[in-house]
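Below: one structure, written as structure tokens.
The values are calculated or read from the model by the stated rules, or taken from the named source; none is laboratory data. These figures come from a predicted structure and were not determined experimentally. Ideal geometry is used to build each Cβ from the backbone, glycine not excepted, and the neighbour counts take in all protein chains shown.
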Amino acid sequence: MSTATTSAPARSASDATVRSWKNPIILSVVALFALFVFAVGAPGNDVTFRLSEENDPIVLPSIVVSAPVIGWVAALAMIVLAVLAILRTRSGRKIPVWVLAVFAVLFLIAFLTWVVGSARTPNVALYGLLAGSVTLAVPLIFGSLSGVLCERSGVVNIAIEGQLLFGAFAAAVAASLSGSAFVGLLAAAVAGVLVSLVLAVFSIWYVVNQVIVGVVLNVLVSGLTGFLFSAVLSEDSERWNSPPRLPVIDIPLLADIPVIGPILFQQTIVGYLMYIAVAVVYVALYHSRWGLRTRAVGEHPKAADTLGVNVNRMRFMNVLLAGVVAGIGGSFFTLVAVSGFGRDMTAGQGYIALAALIFGRWNPIGAFFAALLFGFATNLSNVLSLLGTPVPDQFLRMLPYVVTVFAVAGLVGRSRAPGASGIPYIKG
Amino acid sequence: MNRQDDRPVDPATGGGAHPTRRDAKDAARQDEIRLETAAETAGGEVPPPAVPATTAGLGVGPGAEAPLMQRIMTGNALVAFLSVVLSLILGGLLIAVTDQEVASASSYFFSRPQDTIAAAWTAASSAYIALFQGSVFNFEGDTFTRMIYPLTQTLTVATPLICAGLGVALAFRAGLFNIGAQGQILIGATFAGWVGFTLHLPVGIHLLLVILAGMVGGALWGGLVGLLKARTGAHEVILTIMFNYIATNLVLYFLSTPAFQRPGSTNPISPQLDATAVYPPLLGASFRLHWGFVVAVLATVFVWWLLNRSTVGFELRAVGANPSAARTAGVNVSKGYILAMAIAGALAGLAGVAQVSGTEKVLTSGVAASFGFDAITVALLGRSSPWGTFAAGILFGAFRAGGVAMQASTGTSIDIVLVVQSLIVLFIAAPPLVRALFRLPAPGATRAGKGGSSTSTTPTPASTGAAA
């Protein structure tokens, strides 16, 4: 406990010096970048954002904007906000959150207009861009919720990647063998729990460093699924690796609403479960006895123990629960996205979920929006490489990761992990 | 430790940025002494007798002040050996269970169980024999060269593993989880490769420049993470993972530009490195083993010296043991983070050099293979000590070299190597589990009654929670 008391003043001291000028400087640099690239370097043509298909029940007109106009307006507005931030910081006050939010939205609009305008076909389906983002974000959201459950109770979960991958694998195998996608969904949850069980046993019972267990578990699951894939699944893929897909369930009428209809009301059961899980975890974490105990165990286990909470049992159960959530998220890969398991098919999504968790400040809602942002960045790079932009393909594919680095290191400021996250609790 | 010598060294590098340091010299010295004792007993939370007894058993020697990682890995040589055996058994079971012949024999298991057992034994043992033949000694070879060829192959594969593993281990000792060796290898290899095929220099100087460029590339990529962590407090685990992806795409982009792409090729592949830019073979042209292995040995000696005999190394270990205490004692923690990541990156860059100028002799996006990720398990298995990492690098090099041969001869997927490797690290990390499985007595059996698990491993006060 001496760690906590000595680090607190030191941390806040460095906080004060770091925080004061970081944001204004970043905002100024980004605003100038926007001025030179999005405004001065704007393409001369118009940009079309389509809001609906021609044969949708409700057809909205497309938004047509002029690229230079948007570029200049957005860049100048961003400069105004940056100047505002500098003034606020000089007078020693905090920069309001809305300044950062508006700045980010302006940057996004300017960037979209510029990049689509420079493409061979300056015409993009906005609804598809958004719906695709949500679809890509589904496993990330499950993964980061798994992280929230673990870390809030004081266990670092690097093994999200492994949980997702094993969930995907189990879902594919179980669904193929049984012929039912729902059995696959169930198996995915069980597989996630299995990974969690190893994490919990090693990090809570045997007090092995949690990050080490997580990293090693990811390697173990990758090796295990890869081995079984080549030894069993690819030998007879008809039998082992041809799972049926989960059906998309349209909610009548609501699914016809333009733009948000497909996002909210035209999902598979995994998609609906995702929304439910975010809401349930949020409410339970902040408005239930279980949530209070979880947070207490994660912030100050000794205090919680003194008040009669069984710290390690609480952590154990939470880690297992996290396995259920991440396992279901893993089923997305084999039951929704594509039909069938592939070697290392999660491709680092678990790590991005981890980043979303930190970007979302260990809060379910925050993690949800952070994951959406990463989904958006990924989908944008996919869509843009189809449109044929001047930006090299490799840089587009870098986008989600660069966004993550900026998110973690940049604008969000210093986020604080749960106090006891990563520290095993030994009673006594 | 020559504590008196600490003083003159640091103001030179730190530029006298810490006026408090001279004022509180005596206080700092007290803190330092406390820190050293804390490093040995983890702030008094660990019973002192249990830990030194086991570390001595490992042959780590008194020089190692029982760092964070090492204590987690505390076990004795027997536990380490049993962990390897247990992992091999589990891997063998996995091979047997998924084998076709075993499956067909098990259909009549109850009438003739010995068939199933024989088939399972054949499946597992033939795979492991192939693994051994491919990594240590090929007793079917007709010439001596053929017989020892596998061993040199193991050392060749071990070379980048050792270098990158040292980088990961060094960062561990400074309390940083460097998952980014993969990206650092890639960037190092890119720098080294560019010098290797663009510049045309005389023998000797060219190779030296290539090595230097690789180290600089890795150091920049790693140091950037350290800088971001020190300046913004961002978590290094996330940063290094993201930097891996960025590096992969960056290298792919470079390989599509005229400066890097092979003339006349549309594939992402660079020209061949100049003959002056590659490591000469170590044992003659019939083996692939190159001088990069000697560089890896030198790197191991250097890291050992750095960690155990230098002021910088002491400060890095202090930062790793407890950043707050280190800061109180006058150590510049931010500088420590940046320096640790830069050196770690430079070591990973050496691995990149070993790949691009030793084994591959050409730059592709796959030049790093998965060495950067394997390096993490290597460093964990080596308990973050330089020579432990060296030994673990050779073991995993043998697994990888033998795994390739095994996949070719028996068709067993090389993924089994990943399973065995990760199981070894898991078991070694939890000695109580291995002891329980083999019914070994716990060290300090009188204490074990209180709670077997908590006596031999310790909490990690300064790892991830404080970092974020």
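Results, tabulated for the structure shown:
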quantity	calculated
Candidates A:Arg313, A:Arg343, A:Arg416, filtered to the one that is closer than 26 Å to B:Pro268 by Cα, of a type outside the set (Phe, Trp, Tyr) and surrounded by fewer than 24 Cβ atoms within 10 Å (Cβ to Cβ)	A:Arg343
Sole exception among (1) crowded, with 23+ Cβ neighbours inside 10 Å; (2) at pLDDT below 85 for A:Glu151, by number	(2)
Number of the exception - A:Ile158 against (1) part of a loop (DSSP other than H, G, I, E, B); (2) under 20 Å from the mean Cα position of the chain (by Cα); (3) over 25 Å from A:Gly419 (Cβ atoms)	(3)
Residue satisfying condition, being surrounded by fewer than 24 Cβ atoms within 10 Å (Cβ to Cβ) and farther than 22 Å from B:Val210 by Cα, within set B:Trp304, B:Trp291	B:Trp304
Number of the exception - A:Pro244 against (1) within 22 Å of A:Arg50 (Cβ to Cβ); (2) surrounded by 14 or more Cβ atoms within 10 Å (Cβ to Cβ)	(1)
Single match in A:Ser234, A:Ser144 (criterion: within 14 Å of chain B (Cβ to nearest Cβ), surrounded by fewer than 22 Cβ atoms within 10 Å (Cβ to Cβ) and more than 27 Å from B:Pro431 (Cβ to Cβ))	A:Ser234
Total residues in the range B:123-146, condition surrounded by fewer than 16 Cβ atoms within 10 Å (Cβ to Cβ) and part of a helix (DSSP H, G or I)	5
Residues (part of a helix (DSSP H, G or I) and either surrounded by fewer than 22 Cβ atoms within 10 Å (Cβ to Cβ) or touching a Phe, Trp or Tyr at 6+ places or on another chain (Cβ under 9 Å) (or both)) located in the range A:197-215	A:Leu197, A:Val198, A:Ala200, A:Val201, A:Ile204, A:Trp205, A:Gln210, A:Val211, A:Ile212, A:Val213, A:Val215
Candidate set from the range B:329-365 (those that are polar (S, T, N, Q) and crowded, with 21+ Cβ neighbours inside 10 Å); member that is farthest from the other protein chains (Cβ to nearest Cβ)	B:Ser357
Residue tally, condition of a type in the set (Phe, Trp, Tyr), surrounded by 21 or more Cβ atoms within 10 Å (Cβ to Cβ) and within 14 Å of chain B (Cβ to nearest Cβ), over the range A:359-398	3
Hits in the range B:189-245 (condition: within 14 Å of chain A (Cβ to nearest Cβ), assigned to a helix (DSSP H, G or I) and farther than 16 Å from B:Ala344 by Cβ)	B:Thr190, B:Arg231, B:Thr232, B:Ile238, B:Met242, B:Tyr245
Residue check, A:Gln349 free of Cβ contacts under 8 Å to residues at least 60 places away in the same chain and under 21 Å from B:Tyr245 (Cα atoms)	no
Test: residue in the range B:254-266 that is surrounded by 19 or more Cβ atoms within 10 Å (Cβ to Cβ) and among the hydroxyl-bearing types (Ser, Thr, Tyr)	no
Residue in the range B:406-435 that is nearest to B:Val97 (Cα to Cα), counting only those that are surrounded by fewer than 20 Cβ atoms within 10 Å (Cβ to Cβ) and more than 10 Å from every other protein chain (Cβ to nearest Cβ)	B:Thr410
Qualifying residue in the range A:27-44 (condition: surrounded by 18 or more Cβ atoms within 10 Å (Cβ to Cβ), modelled with pLDDT under 85, part of a loop (DSSP other than H, G, I, E, B) and over 30 Å from the mean Cα position of the chain (by Cα))	yes
Evaluation of B:Gly403 against (1) part of a loop (DSSP other than H, G, I, E, B); (2) in contact with a Leu (Cβ under 7 Å, 6 or more places away or on another chain); (3) not β-branched (Val, Ile, Thr) (one fails), failing number	(1)
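Yes/no matrix, rows are residues, columns are (1) at pLDDT 80 or above; (2) on the phi > 0 side of the Ramachandran plot; (3) of a type in the set (S, T, N, Q):
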| position | (1), (2), (3) |
| --- | --- |
| B:Ile376 | yes, no, no |
| B:Gln407 | yes, no, yes |
| B:Thr412 | yes, no, yes |
| B:Ile416 | yes, no, no |
| B:Ala442 | no, no, no |
| B:Thr446 | no, no, yes |
| B:Pro459 | no, no, no |
